[in-house]
Amino acid sequence: ANEDDSDSDSDLIGPPLPPGFQLESETKEDTEERSDDELSDEDDDESNSRYDVLPISHEIELIHGSKSVTALALDPNGSRVVSGGLDYEMKFWDFQGMDSSLQSFRSITPCECHAIKNLEFSANGDVILVISGACIAKIVDRDGFVKGETIKGDQYITDMNHTRGHVAMLNDGGWNPRDKGQFATCSNDGTCRLWDIQNLKTHKSVLKPRSSGGLRAIPNTCRYTRNTELVSVGCNDGSVQMWDTRRSLINTSAIVREAHTKGSEITSIQFSYDGNCLLTRGTDDALKLWDMKMLKKPIFEIKELFNRFSMTDCFFSPDDRLIGTGVSCLKGEELGRLMMYSRDNAELKHEIPVSKGAVIRSSWHPKLNQIICGSSNGAVKVYYDPNRSDRGAKLCVVKHKRKYRESYENIEQQIIAPHALPLFKTERKKSYRLQMLKARKDPIKSRRPELPVTGPGQGGRIASAGNTFASFIARNLGVKNKIDDNEDPREAILRHAKEAAENPYWVSPAYAATQPKPVFAAETKEDDEDEPSAKRPHIPV
């Protein structure tokens with residue numbers, strides 16, 4: 001017994017336990033471990049079923065303006081929304097900084113008088129690609145400051161390979177999903193150009209879609225695949241053309257000539273998250289789903305989806321089980337709708353009436369689990385579920401609108417400085433209208449200058465003969481130096497002879513220093529005998 005007690009004491013380390021303290025049994029620990037595993041399994045089940053139910057139980061409305069919202073984008077984290085429309089404006093919305101008034105914190109006009117066609121955040125959400133009706137694509141940061149723009153090409157060059165930029169209106173553009181520094185743009189000049197953000201002075205590559213007859217096809221939308229291996233372009237002839245970025249970009253790697261009705265525009269191209277399917281939307285009122293391995297024939301086609309805009313979007317749900325697109329209003333209809341179909345059998349799952357007007361832009365953010373739509377009446381709707389959605393619209397709806405106090409009370413006694421007294425107070429500058437009214441009452445300031453007299457004269461004033469400087473000189477010169485026509489000119493000159501002789505001022509002093517002195521001839525005897533009484537004048541030599 002003593003040996004057993006010594007063995008048990010050697011197993012205990014540290015001071016003895018207090019009386020009445022009991023260790024937890026191993027079975028209880030095992031049950032707790034099992035409960036933790038079960039809870040983790042339940043969390044996984046909930047995460048898998050997060051997208052089973054559409055998050056449309058609640059909604060908020062952001063007012064962009066009175067014109068159509070043709071561009072809409074959410075950053076990858078889901079904290080900021082940007083919208084653009086036909087009013088040339090681009091507005092920024094911050095879910096974390098907004099309150100229940102739902103006001104945008106910034107509004108800019110990045111492309112002057114050109115409508116915004118597409119907006120898209122880069123892969124890391126630092127900058128935004130702005131596609132407008134101009135031939136230049138701009139890059140702005142999250143706060144709306146322009147960071148760069150693509151160069152404009154030479155419109156007099158026929159070969160588009162030899163010009164460094166687009167020469168016609170842009171239609172669409174998008175970022176590389178894996179490289180934050182590369183993006184693509186397509187234009188009415190018949191090219192799709194790949195750009196590097198580090199060098200916007202020239203394009204990186206040029207893609208030229210062609211029609212079935214070999215002529216130029218105008219691309220209306222462009223998109224990278226999820227793995228960035230392909231660049232897909234939807235053209236105005238109803239074709240979808242793809243290029244492999246790992247090979248030469250001269251020839252297409254895949255092409256679907258009649259993806260939509262010939263002559264109809266393809267308004268949107270979207271790839272599934274698993275990369276196996278392609279979704280296209282066109283102006284032929286159709287939505288088609290394609291298998292990337294079998295592009296000859298679509299998996300299914302959904303018709304009678306009226307489309308009035310060339311920017312109408314389509315999208316996949318984050319779990320790739322649903323597809324959706326917006327529908328424009330037919331004649332007699334008031335509300336635009338958002339249609340959700342099953343990816344497996346094209347069954348209509350949900351029809352969501354959005355607002356008065358066509359639904360143009362729509363997307364389902366995977367991180368927020370919220371659906372955002374832009375319509376033609378200038379409104380942006382955000383749908384969410386309080387239980388299944390995260391952050392986003394849930395952050396701003398719970399914040400009360402800030403109230404500003406209109407009246408203020410001075411708790412402490414007011415201190416008046418000497419120069420704040422009315423005696424030293426400077427007079428407040430009046431408005432321009434009050435200054436003009438006061439000046440009108442002043443007879444000196446409001447005196448009207450006399451107008452020049454025309455005609456024979458009036459009011460004791462004689463009309464002037466002429467208004468030119470020459471007429472003034474001629475008129476005054478004749479008054480000051482008036483000459484009598486009957487006066488002899490010789491007498492008029494000799495009148496001043498005596499004064500000139502007594503006071504030589506003008507002529508004689510001027511020649512006194514340069515003229516020689518006169519030398520007179522001496523008198524002879526012969527002259528004296530002939531004329532003794534007469535004196536001959538001296539003749540200078």
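Remarks
- Using a cutoff of 8 angstrom between alpha carbon atoms and counting only pairs six or more residues apart, the relative contact order for the stretch 58-398 works out to 14 percent.
- For LYS204, the lysines whose Cα comes closer than 24 Å to its Cα, not counting residues fewer than 8 places off in the same chain, are LYS117, LYS138, LYS147, LYS152, LYS180.
- Over all pairs of different C-alpha atoms in the stretch 246-384, the reciprocal of the mean inverse distance, the Kirkwood hydrodynamic radius, equals 15.6 Å.
- Taking all pairs of distinct alpha-carbon atoms in the stretch 58-398, Kirkwood radius in angstrom: 20.0
- Within the stretch 58-398: Cβ-based charge dipole about Cα centre, in debye rounded to nearest 20 (Lys, Arg +1; Asp, Glu -1): 640
- Residue-normalised accessible area of the stretch 58-398, given per residue in Å² at a 1.4 Å probe: 42
- Annotated for the stretch 254-364: lysine pairs at least 8 residues apart or interchain, Cα distance under 30 Å, count 22.
- Low-density loop cleavage sites - trypsin sites (Lys or Arg not before Pro) in the stretch 219-254, where at most 12 other Cβ are within 10 Å (DSSP): ARG246, ARG247
- A simple spin-label model places pseudo-atoms 7 Å from Cα toward Cβ; at LYS204 and TRP506 they are separated by 9.3 nm.
- Spin-label pair ASN124/LEU421, simplified geometry with 7 Å Cα→Cβ offset, distance in nm: 6.5
- Fraction of accessible area attributable to carbon and sulfur, the stretch 122-188 (%, probe 1.4 Å): 47
- Straight-distance candidates among the lysines for linking to LYS401, with alpha-carbon spacing under 21 Å and chain neighbours fewer than 8 residues away dropped: LYS91, LYS381.
- Near GLY214: Cβ cut-off under 14 Å, other residues only, Lys/Arg at +1 and Asp/Glu at -1. The net charge is +3.
- Residues of the stretch 168-188 with amide N under 19 Å of a point placed 7 Å along Cα→Cβ from MET292: 174-180, 183-184
The values are calculated or read from the model by the stated rules, or taken from the named source; none is laboratory data. Keep in mind that what you see is a predicted model, and the values were worked out from it rather than measured. Because the Cβ atoms are built from the backbone with ideal geometry, glycine has one as well, and the counts that use them run over all protein chains shown. Note: areas computed on protein heavy atoms with side chains; ligands, DNA, RNA excluded. Shrake-Rupley method; radii C 1.70, N 1.55, O 1.52, S 1.80 Å.
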